[in-house]
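Trainee: Have a look at the structure that comes next, please.
The values are calculated or read from the model by the stated rules, or taken from the named source; none is laboratory data. The structure displayed is predicted, hence computed values, not measured ones. Because the Cβ atoms are built from the backbone with ideal geometry, glycine has one as well, and the counts that use them run over all protein chains shown. Ligands, DNA and RNA are excluded from the accessible area calculation, which covers all protein heavy atoms including side chains. Shrake-Rupley method; radii C 1.70, N 1.55, O 1.52, S 1.80 Å.
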Amino acid sequence: MRATLANMAPQGFRAMWAELAEVGRDGGTGGYRRFAWTRTDAVLREWFTGQAEARGMDVVTDRAGNLWAWTVDPDAHGPGLVLGSHLDSVPDGGAFDGPLGVVSAFAALDLLRAAGQEPARPLGIACFGDEEGARFGVACAGSKLLTGALDADRARGLTDAEGTSMAEAMTQAGFDAAAVGPDEETLRRIGTFVELHVEQGRALVDTGAAVGVASSIWSHGRWRLDLRGRADHAGTTRLADRDDPMLALAAAVQEARAAAERAGTVATIGKLAVAPNGVNAIPSSVTAWLDARGDEADVRTVVAEVGAAAGVIPVEESWTGPTVFDAGLRDRLAAALGTDGVPAPVLPTGAGHDAGILAAAGVPTAMLFVRNPTGVSHSPAEHAEEADCLAGVAALARVVQELG
Ligand SMILES: [Zn+2]
């Protein structure tokens, strides 16, 4: 099935994009706050289900809370080809990280059907839950629960900033927290998974291509630094008498940058909890979270150096090893998406994705990236031009022709 696709009509893509535009949007920053198992999350799940049903797809929720829309029964005719991504966001996130992959998957199916091409294999569109880990601190929680990479009991016990556990949040959202766990039945239905995602860097800008194919994902982890001191008065306590954990934090922040530069990795301290968090109080404690990505040995070195600078041993909260996507699949898609015999660009990324979790679990997996003109991501300024998004849709439709 390699018939030429009609030119993409932008209306369907635009309509879906417009429907999502205000969901979970913060009026002040313009960024998105779409966190797992919240009311906003429920609205996004309802939107996904509505889009699937409008296309005659059946939607099933797996034991990890991820949504799967299927054109035909994958148990009877599968395994199938699955497209998709996630709809949740980081705090004050952009519009594209996640939703672009889901919207583009629906639009790609529309494009194929407009050309009279129903996918030969069952086509699935996935909406992974809690990809960003913004609420409970573990990234790709939905896909990790699905594959067993995240222990179900540990997940249920994770708490958000208000002290609500994931189990409680799931229950409040009407999901059976007790049933959460690895889901072999769902995994068996996935013959191949292809996730389209906005690029989170500027590699494609330099190639001049709107769409590229992923080669690998760096290993990455999150660590917690528990810095203890003694609360005291900011005016009356002599400097020499202070035990101020903010100084250890400052050393940690500086060392994260310096150590990452030495190691050729990236490292970031972007989240803090300060107690008592008063302008006129020396803190009693500062909790800082360190995100580090790159080659595993280099990352471990950076984390140890940051801990030494701060005088603590960092507590590992999550770790994801490197992902190298299926080379045969990657090359096949790069060739299929190339022009004039020149393959589409192949590039690595420092961002984690559900595709990496599935690849690690043995699912043949590939990723497509859509050009991001500024490279900015996890920010309200995240952007992709509509023409590039439509090129991504056409690329996904081409993937279905190639693999479906
Ligand atoms: Zn994402």
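Trainee: Filter the stretch 126-173 down to residues that are more than 16 Å from the ligand (Cβ to nearest atom), within 13 Å of the chain's Cα centre (by Cα) and open to solvent by 30 Å² or more (accessible area, probe 1.4 Å), then give me how many there are.
Mentor: Final tally of qualifying residues: 0.
Trainee: Look at the stretch 330-360 and say how many of its residues are small (Gly, Ala, Ser) and surrounded by fewer than 18 Cβ atoms within 10 Å (Cβ to Cβ). Step through it out loud before you land on a result.
Mentor: Taking the stretch 330-360 and keeping what is small (Gly, Ala, Ser), we get 334-336, 338, 341, 344, 350-352, 355-356, 359-360.
Within this subset, residues satisfying the condition of being surrounded by fewer than 18 Cβ atoms within 10 Å (Cβ to Cβ) are 335-336, 338, 341, 350.
Summing the residues that are small (Gly, Ala, Ser) and surrounded by fewer than 18 Cβ atoms within 10 Å (Cβ to Cβ) in the stretch 330-360 gives 5.
Trainee: If I filter the stretch 84-125 down to residues being near the ligand (Cβ under 10 Å from one of its atoms) and of a type in the set (Asp, Glu), which single residue comes out as surrounded by the fewest Cβ atoms within 10 Å (Cβ to Cβ)?
Mentor: Asp97
Trainee: Select, from Thr320, Thr339, Thr349, the only residue that is more than 14 Å from Leu368 (Cβ to Cβ), hydroxyl-bearing (Ser, Thr, Tyr) and within 16 Å of the ligand (Cβ to nearest atom). Please lay out each step first, then the result.
Mentor: Details: Thr339 fails: within 16 Å of the ligand (Cβ to nearest atom); Thr349 fails: more than 14 Å from Leu368 (Cβ to Cβ).
Checking each option against the conditions leaves just Thr320.
Trainee: Can you name the residue in the stretch 323-336 that is farther than 16 Å from Gln401 by Cα, of a type outside the set (A, V, I, L, M) and in contact with a Ser or Thr (Cβ under 8 Å, 6 or more places away or on another chain) and is also farthest from the ligand (Cβ to nearest atom) among such residues? I'd like the intermediate steps shown before the answer.
Mentor: Just the residues of the stretch 323-336 that are farther than 16 Å from Gln401 by Cα, to begin with: 323-328.
Checking the rest, the ones that are also of a type outside the set (A, V, I, L, M) come to 323, 325-326, 328.
Still in the list and also in contact with a Ser or Thr (Cβ under 8 Å, 6 or more places away or on another chain): 323, 325-326.
Details: Thr323: 14, Phe325: 16, Asp326: 20 Å.
Checked the stretch 323-336; the qualifying residue farthest from the ligand (Cβ to nearest atom) is Asp326.
Trainee: Applying the selection to the stretch 6-48, what residues are in contact with a strand residue (DSSP E or B) (Cβ under 7 Å, 6 or more places away or on another chain) and either outside the structural domain of Pro119 (by TED's automatic domain parsing) or open to solvent by 60 Å² or more (accessible area, probe 1.4 Å) (or both)?
Mentor: Arg25
Trainee: With respect to Ala395, is the statement that it is more than 12 Å from the ligand (Cβ to nearest atom) and closer than 28 Å to Leu112 by Cβ true?
Mentor: Working: more than 12 Å from the ligand (Cβ to nearest atom): yes; closer than 28 Å to Leu112 by Cβ: yes.
Here the answer is yes, as Ala395 does meet what is asked.
Trainee: Can you report the number of residues in the stretch 106-144 which are of a type in the set (Gly, Ala, Ser) and either in contact with an Asp or Glu (Cβ under 9 Å, 6 or more places away or on another chain) or closer than 30 Å to Trp223 by Cα (or both)?
Mentor: Looking only at that region, the number is 9.
Condition check ((1) outside the structural domain of Asn372 (by TED's automatic domain parsing); (2) in contact with a Phe, Trp or Tyr (Cβ under 9 Å, 6 or more places away or on another chain); (3) within 16 Å of the ligand (Cβ to nearest atom)) across all residues:
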site: Ala210; (1), (2), (3): no, no, no
site: Leu227; (1), (2), (3): yes, no, no
site: His233; (1), (2), (3): yes, no, no
site: Thr236; (1), (2), (3): yes, no, no
site: Asp243; (1), (2), (3): yes, no, no
site: Ala252; (1), (2), (3): yes, no, no
site: Glu255; (1), (2), (3): yes, no, no
site: Ala267; (1), (2), (3): yes, no, no
site: Arg293; (1), (2), (3): yes, yes, yes
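Trainee: Any residue that is more than 24 Å from Val400 (Cβ to Cβ), more than 16 Å from the ligand (Cβ to nearest atom), among the aliphatic types (A, V, I, L, M) and open to solvent by less than 20 Å² (accessible area, probe 1.4 Å) - is there at least one of those in the stretch 49-63?
Mentor: no
Trainee: Taking Ala273, is it more than 21 Å from Val90 (Cβ to Cβ), of a type in the set (A, V, I, L, M) and surrounded by fewer than 17 Cβ atoms within 10 Å (Cβ to Cβ)? First the steps, then the outcome.
Mentor: Details: more than 21 Å from Val90 (Cβ to Cβ): no; of a type in the set (A, V, I, L, M): yes; surrounded by fewer than 17 Cβ atoms within 10 Å (Cβ to Cβ): yes.
In short, no.
Trainee: Are any of the residues in the stretch 338-353 in the same structural domain as Ser143 (by TED's automatic domain parsing) and on the phi > 0 side of the Ramachandran plot?
Mentor: Yes: one or more hits.
Trainee: What helices (runs of 4 or more DSSP H) completely inside the stretch 1-85 contain at least 1 residues that are free of Cβ contacts under 8 Å to residues at least 12 places away in the same chain and over 26 Å from Pro364 (Cα atoms)? Lay out the reasoning, then the answer.
Mentor: Details: elements: 10-21, 39-54, 74-77.
Here the list reads 10-21, 39-54.
Trainee: Within the stretch 231-253, is even one residue touching an Asp or Glu at 6+ places or on another chain (Cβ under 6 Å) and open to solvent by 40 Å² or more (accessible area, probe 1.4 Å)? Full working, then the answer.
Mentor: Here is the first cut: in the stretch 231-253, the residues touching an Asp or Glu at 6+ places or on another chain (Cβ under 6 Å) are none.
No.
Trainee: Suppose we keep only residues that are assigned to a helix (DSSP H, G or I) and open to solvent by 50 Å² or more (accessible area, probe 1.4 Å) within the stretch 178-206. Which one would you say is nearest to Ala149 (Cα to Cα)? Give the derivation first.
Mentor: Applying the first criterion (assigned to a helix (DSSP H, G or I)) to the stretch 178-206 yields 178-179, 184-188, 203-206.
So of that shortlist, the ones also open to solvent by 50 Å² or more (accessible area, probe 1.4 Å) come out as 178, 184-185, 188, 206.
Numbers: Ala178: 17, Glu184: 13, Glu185: 16, Arg188: 16, Asp206: 35 Å.
Across the stretch 178-206, the extreme among qualifying residues is Glu184.
Trainee: Restricting the stretch 356-391 to residues that are within 16 Å of the chain's Cα centre (by Cα) and among the β-branched types (Val, Ile, Thr), which is farthest from Ala210 (Cα to Cα)?
Mentor: Applying the filter and picking the extreme gives Ile357.
Trainee: Still on this structure, I have one more. Starting from the stretch 344-360, take each residue that is closer than 16 Å to Leu100 by Cβ and aliphatic (A, V, I, L, M) and list its partners that are within 10 Å of the ligand (Cβ to nearest atom) and open to solvent by less than 20 Å² (accessible area, probe 1.4 Å), counting only C-beta distances under 6 angstrom and pairs at least six apart or across chains.
Mentor: Final answer for the pair search is Ala355/Glu195.
Trainee: Which residue out of Gly101, Gly142, Gly116 is within 21 Å of Glu316 (Cα to Cα) and either assigned to a helix (DSSP H, G or I) or among the small types (Gly, Ala, Ser) (or both)?
Mentor: Working: Gly101 fails: within 21 Å of Glu316 (Cα to Cα); Gly116 fails: within 21 Å of Glu316 (Cα to Cα).
Going through Gly101, Gly142, Gly116 in turn, the sole match is Gly142.
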